[in-house]
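The values are calculated or read from the model by the stated rules, or taken from the named source; none is laboratory data. No experiment lies behind these values; they were computed from the predicted model shown. Here Cβ is always computed from backbone atoms with ideal geometry, including for glycine, and neighbour counts include all displayed protein chains.
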Amino acid sequence: MTIAEVARRTGLTAHTLRYYERAGLLPSPPPRGVNGHRCYTQRHLDWVVLLSRLRATGMSIAGMRRYAELAGSGVPTSGERLELLLAHRAQVASRIEQLRDDLTLIDHKIQIYRKSIEENHV
């Protein structure tokens, strides 16, 4: 796949994909074709999807880099990767709970305004 194809499939920009490569976030750099352009594999695409999900859920670039380094070291680091993902999951779950609380408050205010509008327009 070309960088444009990976960008289209993931919603990331080509600039972001090149940054992920320079930052050492990919398990290996995509090979280059005879024209010098990057040739992404399905493995690269899957990895970029994982990275974009980790980033979207608030993982830092440093955390993503650490995860990539551990993954590059293979099976012996499975325990460390599990710990890293469990800690990240806990942070995401906490943010979701906070967002639920925030939504409840917003819904409450909406009900107050609707009731006020109904009472004043009767």
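Taking the conditions exactly as written (under 13 Å from Met59 (Cα atoms) and surrounded by 10 or more Cβ atoms within 10 Å (Cβ to Cβ)), does Arg95 satisfy them or not? Before you say what the answer is, go through the steps one by one.
On the way: under 13 Å from Met59 (Cα atoms): yes; surrounded by 10 or more Cβ atoms within 10 Å (Cβ to Cβ): yes.
Yes; evaluated as a whole, the condition is true for this residue.
Considering each residue of region 1-26, count those that are surrounded by fewer than 13 Cβ atoms within 10 Å (Cβ to Cβ) and part of a loop (DSSP other than H, G, I, E, B), and give that number.
Number of matching residues: 2.
Filtering region 30-66 down to residues that are in contact with a helix residue (DSSP H, G or I) (Cβ under 9 Å, 6 or more places away or on another chain) and of a type in the set (Val, Ile, Thr), which residue is surrounded by the fewest Cβ atoms within 10 Å (Cβ to Cβ)?
Thr57
Would you check if Leu84 is surrounded by 15 or more Cβ atoms within 10 Å (Cβ to Cβ), more than 26 Å from Ile3 (Cα to Cα), modelled with pLDDT of 95 or more and among the hydrophobic types (A, V, I, L, M, F, W, C)?
Here the answer is yes, as Leu84 does meet what is asked.
Scan region 12-48 residue by residue and report those that are in contact (Cβ under 8 Å) with a residue 40 or more places away in the chain and β-branched (Val, Ile, Thr).
Answer for region 12-48, where residues must be in contact (Cβ under 8 Å) with a residue 40 or more places away in the chain and β-branched (Val, Ile, Thr): Thr41, Val48.
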